[in-house]
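The values are calculated or read from the model by the stated rules, or taken from the named source; none is laboratory data. These numbers come from a predicted model, not from an experiment. Counting neighbours? That spans all protein chains shown, and the Cβs are built from the backbone with ideal geometry, glycine included. For the accessible areas, the whole protein counts, side chains as well, though only heavy atoms, and no ligand, DNA or RNA atoms are used. Shrake-Rupley method; radii C 1.70, N 1.55, O 1.52, S 1.80 Å.
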Amino acid sequence: MRLGVSVSVRCSIGTASGNTQTDYPAKFQRSSFSTANFLPDNASSAVSISSSSSRRGLIRIATLPCLLPLIGCLPANAMQPGSKEYLLIKEEVRKVLSKGKAAGVLRLVFHDAGTFDIDDSTGGMNGSIVYELERPENAGLKKSVKVLQKAKTQIDAIQPVSWADMIAVAGAEAVEVCGGPPIQVSLGRLDTLVPDPEGRLPEESLNASGLKKCFQSKGFSTQELVALSGAHTIGSKGFGSPISFDNSYYKVLLEKPWTSSGGMPSMIGLPSDHALVEDDECLRWIKKYADSENLFFEDFKNAYVKLVNSGVRRNSL
């Protein structure tokens, strides 16, 4: 599929071995994996988008910049998992993704989608994280973006993919490569052209009441909060093996090792992790997931799909 609109800027991410060129979206940029058709034209000509006369009439847009926000407001028509485009992303992601890199890639998902606010429907899974890498809460994520850029470059050479789609699929692959449940997500997300507002990610120092309020503002229940928190089972938080996605997180929470005086156990988890087990409503779900890994996997999978669809704008005609 040829795109009449595809604008990006090229930025350099400094690394120990030099600079890596990373393509960031310069405006709301569609993934070519959606079903919309863009008609190439010059800047002064009208852009026409047509569909079956039995469904919609002809829409004429006088200037190109008007096209993108309009399409973002149209009903979603996402490309489903199992398509050749979806399988292409999975294949290229698997080439660059190792168990040791999985936690950082999964963190990208949470920090991109976690800016969603249900009250004004802003933020969410829109690729804005590539503009927000200098924020303190996103420290270390440049490495994960660099990892995915390698795969994205290969995919773009065949058929362009948005950062939002790339991160959503890569996060699911990160879970599975570490032994977690297979998760399939739809495609067709638009990338944004600007950073999302600051201060929307849950702070590490929040108590259980603050966490529940924060997640409610994003449309998530307490059960979904506890399920998504299980992502901390991989990485450097100290819950079981850093490269095994299982229900160790909940078992360790029930043990409360941080209450020990001094030593490594006191460094396990974040204050927000510790707070969950002190809340009766959260504790109920922690016990359920500690008892049943299958239940955790199923609930995490469902919450993850909801997370990567938060605030999503798709092309659809």
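At-a-glance table
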read-out: In the stretch 143-153, residue surrounded by the fewest Cβ atoms within 10 Å (Cβ to Cβ) [restricted to those that are charged (D, E, K, R) and under 14 Å from Val130 (Cβ atoms)]; value: Lys143
read-out: Residue in the stretch 268-285 that is over 21 Å from Phe220 (Cα atoms) and modelled with pLDDT under 95 present; value: yes
read-out: Selection status of Pro271, surrounded by fewer than 18 Cβ atoms within 10 Å (Cβ to Cβ), touching a residue at least 40 places away in the same chain (Cβ under 8 Å) and under 30 Å from Ile118 (Cα atoms); value: yes
read-out: Test: Gly230 is small (Gly, Ala, Ser), closer than 23 Å to Asp119 by Cβ and at pLDDT 95 or above; value: no
read-out: Total residues in the stretch 275-294, condition open to solvent by 60 Å² or more (accessible area, probe 1.4 Å) and part of a helix (DSSP H, G or I); value: 8
read-out: Scope the stretch 206-218; condition within 17 Å of the chain's Cα centre (by Cα) and farther than 16 Å from Asp299 by Cβ; matching residues; value: Lys218
read-out: Single unsatisfied condition, Ala62 versus (1) over 20 Å from Val312 (Cα atoms); (2) modelled with pLDDT of 95 or more; (3) open to solvent by 50 Å² or more (accessible area, probe 1.4 Å); value: (2)
read-out: Within the stretch 279-313, tally of residues that are within 15 Å of the chain's Cα centre (by Cα) and not aliphatic (A, V, I, L, M); value: 9
read-out: Among (1) within 16 Å of the chain's Cα centre (by Cα); (2) modelled with pLDDT under 95; (3) of a type in the set (Asp, Glu) - the single one Glu203 does not satisfy; value: (1)
read-out: Among the candidates Gln223, Gln184, residue that is among the polar types (S, T, N, Q) and out of contact with any helix residue (DSSP H, G or I) (no Cβ under 6 Å at 6 or more places or on another chain); value: Gln184
read-out: Restricting the stretch 113-141 to residues that are in a helix (DSSP H, G or I) and touching a helix residue (DSSP H, G or I) at 6+ places or on another chain (Cβ under 8 Å), the residue that is surrounded by the fewest Cβ atoms within 10 Å (Cβ to Cβ); value: Glu137
